[in-house]
Structures are given as C-alpha cells and as structure tokens.
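Student: Structure below; questions to follow.
The values are calculated or read from the model by the stated rules, or taken from the named source; none is laboratory data. Just so it is clear, the structure is predicted and the values come from calculations on it, not from any experiment. Note that we place each Cβ from the backbone using ideal geometry, even for glycine, and neighbour counts take in every protein chain shown. The area values use the complete protein model at the heavy-atom level, side chains included, leaving out ligands, DNA and RNA. Shrake-Rupley method; radii C 1.70, N 1.55, O 1.52, S 1.80 Å.
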Amino acid sequence: MCTRTLYVGEDGTVITGRNMDWKEDMASDLWVLPAGMPRDGAAGAGSIAWVSHYGSLVVSAYDNGTSDGLNEKGLAVNLLYLAESEYGTPDGSRPLLSNGVWAQYVLDNFASVAEAVAALGQEPFQIVSPALPNGAKATLHLSISDATGDSAILEYLGGTLTIHHGRQYAVMTNSPAYDEQLAINAYWARIGGLQFLPGTNNAADRFARASFLLGAIPRKADPHYMRGVPGQSYAHQAVAAVLSVQRAVSVPLGITTPEQPNISSTIWRTVADHRSMTYYFDSATRPNTFWVSLAKLNLRAGAAVRRLTIQNGEVFAGEAADQFLDATPFSFVPMTA
C-alpha cells in the first residue's frame with residue numbers, strides 16, 4: 001500500500017507526493033479541521049488528550065482515521081501500511097494513542113519535522129492498533145515532511161520506535177522495514193535506472209523506481225515543457241513532475257493481492273506544495289484532478305469543521321476550497337481490545 005516521494009527544487013520549492021494503494025475503496029473524504037479542537041487518542045480511559053494547535057486539511061480513511069494531510073504551517077503527513085509494524089504491549093507507563101489518530105496528532109501539534117521528531121522521540125504515548133472496518137489490522141508507519149525539505153520516517157519494529165530523520169529519506173513505500181528498503185535500493189542505484197529498473201508492483205520495486213524517477217526529474221524550470229504549464233510557472237511544473245512520478249509508480253486499478261495489502265491498486269494520489277500551501281487530489285476512478293488552497297480555508301480556532309464528500313463518486317475540478325460544506329467531525333476508530 002502506497003508510495004511517498006519528497007521533491008526539493010533548486011529554488012527551495014518543496015513538494016510531497018503520495019499514492020494510496022489499498023485492496024478496496026476506503027470511503028475517503030477531504031476534511032477541514034480547524035485549530036482549537038479537543039482530541040484524544042481513541043484508546044479508552046488511558047488515552048492521551050490534547051487540543052489542536054494548528055488547523056489542517058486531511059483525507060480520511062473509512063471516515064474514522066486521518067491517512068494524509070497538510071497543516072497550516074506547511075507540515076505534511078502520510079500514513080502507509082507496514083506489515084512488520086509491532087507497537088509493543090501497553091504497560092500503563094504512558095497514555096495510549098490509536099495509530100488511526102497518529103497522523104492527526106502530528107498535524108495538530110507540530111510546525112516542523114525537527115519539532116515533531118524531538119517530541120515524538122521522547123515517546124509521549126504508547127501506540128495501539130485497532131482493527132479497520134473491514135477487519136484488517138491497522139499496521140502502519142508514518143512519514144513527515146515540511147516546507148524546508150526536511151523529512152522523517154517513523155516505524156515501530158519489535159515494540160521499538162525507529163526514526164530516520166533527514167532530507168535524504170525522500171522515498172517511502174511498504175515492506176520490508178525501512179533499513180532493508182534502503183539496502184535494496186542501494187543495489188538498484190548501482191545498476192542505474194537508465195539500464196534497468198524492477199517493474200513489479202512489489203513495494204521494494206516501487207521504492208527503486210520512485211527513487212530513480214524522483215532523482216531524474218528537473219529541479220528547475222524546464223524550457224522544453226514550460227509553454228504548456230499554467231502561467232508558465234516553475235512551481236506548477238514541479239507539481240506536475242511529482243504527480244507524473246506518482247502516476248508512474250501507481251498500481252493499475254483492479255490489480256490486488258488480498259493476502260498482501262501492501263500490493264494493491266492505487267485508489268488516489270495527493271501532492272502537497274509546501275510553499276504555495278496547495279493540496280492536490282488525484283483520484284484513480286475520476287477524470288479530473290482538483291486542488292485546495294489552504295489560504296482559502298478558515299483554519300482558526302472556533303471555525304466550523306468542513307467536509308468535501310468524494311466517497312460516492314462526486315467529481316470536482318480545479319480549485320475546490322469553496323465546495324466544502326459544514327459538517328460534524330468524523331470519529332476516530334476506537335481501540336476496543
């Protein structure tokens with residue numbers, strides 16, 4: 001399930017791309033979640049509690065968890081499947097946080113990757129893993145990126161938190177664990193992508209292809225294509241280039257391996273432009289890409305929660321900030337056992 005890339009241009013343009021690959025439709029919608037919202041870890045009486053410092057624009061999964069999003073400070077999160085995740089057994093020493101709330105906790109509380117890593121590295125909570133509405137276990141890892149181009153990958157392996165922090169961690173997929181992915185990718189980097197790239201939808205193969213393609217696209221304005229770019233803008237060219245990478249490592253709709261959720265169809269893609277604070281959404285089942293400018297949203301404390309419903313095949317194109325409607329916030333899936 002999923003491929004994430006982080007692009008940094010020569011002028012400091014920063015763009016995060018992400019594919020959501022899953023074995024079924026996830027009934028996703030887009031949500032505007034303002035600052036000042038009281039929240040908890042959705043793990044019962046022992047849950048951690050907080051009030052959101054920052055407003056965010058997020059994509060829900062099954063309308064009971066945050067899978068992806070961008071906050072008002074330009075911090076992006078991407079929650080991806082990792083079969084090897086083991087969060088450990090709660091021992092009562094720390095409050096609890098369901099991993100369906102993990103991404104939202106980061107969006108609510110942090111303005112930069114460095115700030116998030118410093119806080120999360122202290123392990124202020126114990127992650128627990130509820131079952132998804134389809135019965136599957138939610139075993140997940142998390143990527144974070146910000147407007148400076150900083151990056152972090154967070155995994156729980158054998159009950160221990162592992163953090164890879166640095167700009168060099170620009171690509172993320174699924175199994176195996178991130179250290180092993182880096183080793184596999186080093187092998188393909190020696191071969192060279194112009195000679196041969198692995199072509200299956202296996203996570204390690206997607207990692208190798210995404211790494212090569214991300215390194216191959218231009219980091220400045222390309223005169224060969226600029227005439228056809230809206231406004232002849234390098235920022236728009238960069239967004240298009242990252243989206244083209246995400247499409248190139250997508251899995252065609254209808255291809256899935258039910259016993260391996262990390263090998264599934266791409267159902268949607270997002271691209272976050274950290275400089276312009278614009279969030280693009282590209283569905284595999286609809287003909288149009290649309291985007292939302294965070295500057296056009298009211299993310300202040302006390303503002304209404306708003307929802308853009310897309311789970312029923314609704315079609316949007318272009319700027320969609322004014323298409324959101326006031327809504328009751330979704331409830332995060334609770335940990336019941």
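Student: Run the quick spin-label model on Asp25 and Leu161: label points 7 Å from Cα toward the beta carbon, then report their separation in nm to one decimal.
Tutor: Placing both labels 7 Å along Cα→Cβ, they lie 3.7 nm apart.
Student: Starting at the first residue of segment 101-115, write each ³J(HN,Hα) from the Karplus equation 6.51 cos²θ - 1.76 cosθ + 1.60 with θ = phi - 60°, in whole Hz, x for Gly and Pro.
Tutor: 9, 3, 4, 5, 4, 5, 4, 5, 10, 10, 9, 8, 5, 4, 5
Student: Calculate what fraction, in whole %, of the accessible area of the chain sits on carbon and sulfur atoms when a 1.4 Å probe is rolled over the protein chains. Each step should come with its number before you reach the end.
Tutor: Numbers: 7220 of 13340 Å².
Answer for the chain: carbon and sulfur cover 54 percent of the accessible area.
Student: Here is a further query. Using only the heavy atoms of the protein chains and a 1.4 Å probe, how would His224, His165 rank by accessible area, largest first? Can you show the working numbers first?
Tutor: Details: His224 155, His165 80 Å².
Per-residue accessible area, sorted high to low, gives His224, His165.
Student: Given axes a ≥ b ≥ c from the Cα gyration tensor, I'd like to know whether segment 55-151 is rounded (a/c under 1.5), prolate (a/b larger than b/c) or oblate.
Tutor: Working: a/c = 1.92, a/b = 1.28, b/c = 1.50.
Judged from the Cα gyration tensor, segment 55-151 comes out oblate (a/c at least 1.5, b/c at or above a/b).
Student: Please compute the per residue accessible area over segment 110-220 with all protein chains in place, 1.4 Å probe, rounded to a whole number of Å². Don't skip to the end; give the middle numbers.
Tutor: Working: 4470 Å² over 111 residues.
Value returned for segment 110-220: 40 Å² of accessible area per residue.
Student: Now a separate question. When Rg is the radius of gyration of the Cα atoms in segment 140-200 and Rh is its Kirkwood radius, what does Rg/Rh come to? It would help to have the intermediate numbers written out before the result.
Tutor: Numbers: Rg = 13.2 Å, Rh = 13.0 Å.
Result: Rg/Rh = 1.02.
Student: Running a GNM on the chain with Cα contacts under 10 Å, which residue among Asn298, Asn174, Asn288 ends up with the highest mean-square fluctuation?
Tutor: Greatest mean-square fluctuation among the candidates belongs to Asn288.
Student: Which of Val113, Val32, Val305 moves most in a GNM of the chain, Cα contacts under 10 Å?
Tutor: Val305
Student: Which value, to two decimals, describes the C-alpha radius of gyration of the chain once divided by 2.2 N^0.38 Å? Each step should come with its number before you reach the end.
Tutor: Numbers: Rg = 18.7 Å, N = 337, 2.2 N^0.38 = 20.1 Å.
Rg over 2.2 N^0.38 Å, computed on Cα atoms: 0.93.
Student: I would also like to ask the following. Whole number please: convex hull volume per residue, Cα atoms of segment 126-234, in Å³. It would help to have the intermediate numbers written out before the result.
Tutor: Details: hull volume 19.6 nm³, N = 109.
Each residue corresponds to 179 Å³ of Cα convex hull volume.
Student: What value in Å³ per residue do you get for the convex hull of the alpha-carbon atoms in segment 14-93?
Tutor: It is 145 Å³ per residue.
Student: Once label points are set 7 Å from the Cα along Cα→Cβ at both Ala183 and Ser331, what is their separation, rounded to one decimal in nm?
Tutor: The modelled label-to-label distance comes out at 4.5 nm.
Student: With just the Cα atoms defining each centre, how far is segment 89-159 from segment 215-244? Give it in Å.
Tutor: That distance is 33 Å.
Student: Who wins for biggest fluctuation among Arg227, Arg307, Arg219 in a Gaussian network model of the chain, springs between alpha carbons below 10 Å?
Tutor: Fluctuation is largest for Arg227.
Student: Could you grab the Rg to Rh ratio for segment 201-333? Cα atoms only, Kirkwood for Rh.
Tutor: On the way: Rg = 17.2 Å, Rh = 17.2 Å.
With Rh from the inverse mean 1/r over Cα pairs, Rg/Rh is 1.00.
Student: Quick one: which residues, 5 or more positions from Ser151 or on another chain, have an amide H under 5 Å from its amide H? H modelled 1.01 Å from N in the peptide plane, none for Pro or chain starts.
Tutor: Correct list: Gly166, Arg167.
Student: What percent does the relative contact order of segment 140-264 come to when contacts are Cα pairs within less than 8 Å and at least six residues apart? All intermediate terms of the calculation are to be shown ahead of the outcome.
Tutor: Working: 129 pairs, mean separation 20.1, N = 125.
Relative contact order here is 16 percent.
Student: For the chain, which longest stretch is free of loop sites, where a loop site is one of the GluC sites (Glu not before Pro) that DSSP puts outside H, G, I, E and B and that has at most 11 other Cβ atoms within 10 Å? Intermediate results must be reported in sequence, preceding the final value.
Tutor: Working: sites that count: Glu10, Glu259.
Between exposed loop sites, the widest span is 11-258.
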